[in-house]
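Student: Just dropping this structure here.
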Amino acid sequence: MAANPQVEEIIRTFGGRGQLKDDSAPTPAAEALKRFELRKGYRIELVASEPEITQPLFCTFDSRGRLWVVQYRQYQFPAGLKVVRYDQHLRAVFDKVPAPPPHGTPGADKITVLEDSDGDGTYDRQKDVITGLNIATAVQPGPGGIWVLNPPYLLFYPDANGDDVPDAAPEVHLSGFGLEDTHSVASNLTWGPDGWLYGANGSTTTGDVSSAVSSHVKWQGQCIWRYHPGTKVFEIYAEGGGNTFS
């Protein structure tokens, strides 16, 4: 199962700790809010909580003040894939590369939009915009549609009228982001002031990324990358650092 006998022995004999329990019920979100200790002059507000939002991994605001949230419910393993072994760094090797949505096995991840419809400062509406994602890590609304980082792919869902309902199946703009460690995959999709989409790669996954004009841009470990939606150019912007996924 592993790349060498030493790693295989660790996997075989590791007992784990299981689920830690103290038999107490989870603290309700409104009550948990009261237990925060804040510096003078600061305040904290509850905008969303379980069961409506679970395992939020990434959020961003759009030009209308709405909050877009990626719910990372599929974590830890991609749907439809099987781990065939672990390498010497305990990185998973899967039996295949998943097909991009909607062709692959649907996952449990989804993107939800929260809205304050009456301007009172409370998000009173929410809707699931894209569902069935499989290890989705980031979202950015943009001109003409919705960008979704769903390793190994960067996807663009066309939405010409901005009604948050994709007009068609997503277009694959980038492919080749590594899936070896799902708490170190490509994430943190952000618009730069220069019109590029920037993203970060974690410390224990690799990349061999191609676009329509950039071929097999490779790396191992942490880096910052960027992609230009107009020119279709993909490049590494900076290298080094720790796990940006942490």
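Student: Among the residues of the stretch 207-216, which ones are surrounded by fewer than 17 Cβ atoms within 10 Å (Cβ to Cβ) and of a type in the set (A, V, I, L, M, F, W, C)?
Tutor: Within the stretch 207-216, Ala212, Val213 meet the criteria.
Student: Has the stretch 18-38 got at least one residue that is over 22 Å from Pro158 (Cα atoms), surrounded by 12 or more Cβ atoms within 10 Å (Cβ to Cβ) and touching a strand residue (DSSP E or B) at 6+ places or on another chain (Cβ under 9 Å)?
Tutor: No, the stretch 18-38 contains no residue that is over 22 Å from Pro158 (Cα atoms), surrounded by 12 or more Cβ atoms within 10 Å (Cβ to Cβ) and touching a strand residue (DSSP E or B) at 6+ places or on another chain (Cβ under 9 Å).
Student: Which one of these is in contact with an Asp or Glu (Cβ under 7 Å, 6 or more places away or on another chain) and farther than 21 Å from Ala200 by Cβ: Val113, Val97? Can you show your working first?
Tutor: Details: Val97 fails: in contact with an Asp or Glu (Cβ under 7 Å, 6 or more places away or on another chain).
Exactly one residue qualifies, and that residue is Val113.
Student: If you don't mind, another one. Return the pair list, or none, for Cβ contacts closer than 9 Å from residues in the stretch 181-196 that are free of Cβ contacts under 8 Å to residues at least 60 places away in the same chain and surrounded by fewer than 15 Cβ atoms within 10 Å (Cβ to Cβ) to residues that are part of a loop (DSSP other than H, G, I, E, B) and not polar (S, T, N, Q), at least 6 apart or on different chains.
Tutor: Asp194/His228; Gly195/His228; Gly195/Pro229; Gly195/Gly230
Student: Taking only the stretch 108-126 into account, find how many residues are more than 11 Å from the chain's Cα centre (by Cα), surrounded by fewer than 21 Cβ atoms within 10 Å (Cβ to Cβ) and under 19 Å from Ala169 (Cα atoms).
Tutor: Number satisfying all stated conditions: 1.
Student: Kindly list the number of the only condition in (1) under 30 Å from Asp164 (Cβ atoms); (2) modelled with pLDDT under 90 that fails for Arg12.
Tutor: Every condition holds for Arg12 apart from (1).
Student: Could you tell me which of the residues Val213, Val217, Val165 is closer than 24 Å to Asp95 by Cα and either at pLDDT 95 or above or among the β-branched types (Val, Ile, Thr) (or both)? Write out each step before concluding.
Tutor: Working: Val213 fails: closer than 24 Å to Asp95 by Cα; Val165 fails: closer than 24 Å to Asp95 by Cα.
When all the criteria are applied, what remains is Val217.
Student: Something else now. Considering Val165, Val172, Val209, which residue is assigned to a loop (DSSP other than H, G, I, E, B) and among the hydrophobic types (A, V, I, L, M, F, W, C)?
Tutor: Values: Val172 fails: assigned to a loop (DSSP other than H, G, I, E, B); Val209 fails: assigned to a loop (DSSP other than H, G, I, E, B).
After applying the criteria, what remains is Val165.
Student: Can you name the residue in the stretch 224-241 that is farther than 14 Å from His173 by Cα and β-branched (Val, Ile, Thr) and, of all such residues, is surrounded by the most Cβ atoms within 10 Å (Cβ to Cβ)?
Tutor: Out of the qualifying residues, it is Ile224.
Student: Is it true that Gly221 is surrounded by 15 or more Cβ atoms within 10 Å (Cβ to Cβ), over 19 Å from Gly107 (Cβ atoms), in contact (Cβ under 8 Å) with a residue 12 or more places away in the chain and in contact with a Gly (Cβ under 9 Å, 6 or more places away or on another chain)?
Tutor: It is true that Gly221 is surrounded by 15 or more Cβ atoms within 10 Å (Cβ to Cβ), over 19 Å from Gly107 (Cβ atoms), in contact (Cβ under 8 Å) with a residue 12 or more places away in the chain and in contact with a Gly (Cβ under 9 Å, 6 or more places away or on another chain).
Student: Determine if the stretch 23-45 includes at least one residue that is in a loop (DSSP other than H, G, I, E, B), in contact with a Leu (Cβ under 9 Å, 6 or more places away or on another chain), at pLDDT 70 or above and not hydroxyl-bearing (Ser, Thr, Tyr). Talk me through it step by step, then tell me what you get.
Tutor: To start, the set of residues in the stretch 23-45 that are in a loop (DSSP other than H, G, I, E, B) comprises 23-28, 35-45.
Subset that is in contact with a Leu (Cβ under 9 Å, 6 or more places away or on another chain): 44-45.
Subsequent filtering for residues that are at pLDDT 70 or above retains 44-45.
If we keep only those that are not hydroxyl-bearing (Ser, Thr, Tyr) as well, we get 44-45.
Checked against the condition, which is being in a loop (DSSP other than H, G, I, E, B), in contact with a Leu (Cβ under 9 Å, 6 or more places away or on another chain), at pLDDT 70 or above and not hydroxyl-bearing (Ser, Thr, Tyr), the stretch 23-45 yields at least one hit.
Student: Can Thr204 be described as buried (at least 18 other Cβ atoms within 10 Å of the Cβ), more than 14 Å from the chain's Cα centre (by Cα) and hydroxyl-bearing (Ser, Thr, Tyr)? Don't jump to the end; show me each part of the working.
Tutor: Values: buried (at least 18 other Cβ atoms within 10 Å of the Cβ): yes; more than 14 Å from the chain's Cα centre (by Cα): yes; hydroxyl-bearing (Ser, Thr, Tyr): yes.
Answer is yes for this residue.
Student: Sticking with this one: Is one or more of the residues making up the stretch 165-178 over 30 Å from Leu114 (Cβ atoms) and out of contact with any strand residue (DSSP E or B) (no Cβ under 8 Å at 6 or more places or on another chain)?
Tutor: no
The values are calculated or read from the model by the stated rules, or taken from the named source; none is laboratory data. In this text, all values refer to a predicted model and were calculated from it rather than measured experimentally. Reconstructed Cβ throughout: ideal geometry from the backbone, glycine too, with neighbour counts over all protein chains shown.
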